[in-house]
Every structure is written in C-alpha cells, then in structure tokens.
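Chemist: Got a structure for you, written out below as structure tokens; questions coming shortly.
Every read-out reported here was derived from the displayed coordinates using simple, explicitly stated rules and does not represent laboratory data. Fair warning: this is a prediction, and the values are worked out from it, not measured in the lab. Counting neighbours? That spans all protein chains shown, and the Cβs are built from the backbone with ideal geometry, glycine included.
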C-alpha cells in the first residue's frame, strides 16, 4: 500500500513539473545597414545590408522607422518589425564619435547595452545618406495556448481533463425504474391470462 501511494505522489510531482515548464527566453541580435528614403525627411529607411550575426530574421528591403524629423547627433529611437520576433525598439542616448568634413557628417550613438547606431550624412553629390545598426534584445516566447486533454497537435501548456459524460439525474433514474417495473407487470399479467385461458379450456 505504501509503494502505491509513493508512486502516485511521484507521478503527481512529475505532472506538476511538466505543466510548469518555463517559456523559452533568448538574446537576439539586429546587425544591419541601410539607407533613408530621400523624401521621408529621415523618418523612414530600408535595409540594404545584413551581417551574418543578425539573428532577428531581418530581410533586405525591410523598412525601419525613426522617431524624429531630422537626423542630428542626439537621442533617437529606432523601431523595426523583425520577421521572427515582432516589433522591437532601441533607444540611443550617448554620442560616442562625431566627425564632419567635406564628404559629410559621420557620428555614432550608443546605449547602456553597448549597442551602436552609426550615421553617415553624405554631402550632396556623394551619395544617399546611410546608417548602421547593431543592437541586442531579450525575447521570451509566449506560452502555447491551453488545450483539452493535451492531445497533439498543438503542444499543450495547460492540461485540462476531457469533458466527462453526463450522469443521469435521480429523477431520470426513478422514471427508468418505473418504466421497467411497468413493463415487468404487463408481462406478468399477460402470462397470467394465458394460463387462465388454458386451464378453462
């Protein structure tokens, strides 16, 4: 008896642990270069180069949104819709380098994570202004939706017992009993009449 109770307890612990599986977390990297659309006023750009260390699933031609109306060496927020992880935003506040010469203005912003945003504001006649972005972000996958009786697919995070079959109400049991009793009495009466008919003849 003790062995059975220990096995049941172990099974209960095992089930509770499997149901409490944490969601997967990871650190992902955005590593790319791009250019601004000339008519956007430096508020919208597109990706034209991706480093092999980019793990966000970025694609060439993907658009990037900037939070200001003019590029200058000050705080900036960059938002992009990563194909694999949804919208991510990065806020750069610290000016790391700044250079200006006949070719244009070049500077780099950083943040507390040591991410970097580099800007090349090319003078007219030298090409289209460009930028570079290196940033990391933490991503936690949402749990899969709960499902009944944990039958695949999809994978279950919360197990719910299968729906139980309905149990008849007491009044239903009573009606069934009375019905069977009436059938039995009717059968007995028929048998009694047949016996009386045979004895009379």
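Chemist: Sticking with the crude label model, points 7 Å out along Cα→Cβ, report the distance from residue 51 to residue 87 in nm, one decimal please.
Modeler: 2.6
Chemist: Would you please give the FRET efficiency between residue 106 and residue 43, computed as 1/(1 + (r/R0)^6) with r the Cβ-Cβ distance and R0 = 30 Å, to the nearest 0.05?
Modeler: Numbers: r = 20 Å, r/R0 = 0.67.
The computed FRET efficiency comes out at 0.90.
Chemist: Sticking with the crude label model, points 7 Å out along Cα→Cβ, report the distance from residue 98 to residue 178 in nm, one decimal please.
Modeler: Here the modelled spin labels are 9.5 nm apart.
Chemist: Then there is this: Suppose the chain between residue 139 and residue 60 were pulled fully straight at 0.36 nm per residue; how much longer would it get relative to their current alpha carbon spacing? Intermediate results must be reported in sequence, preceding the final value.
Modeler: Values: separation 79, 0.36 × 79 = 28.44 nm, distance 2.22 nm.
The residue 139-residue 60 span can extend by a further 26.2 nm.
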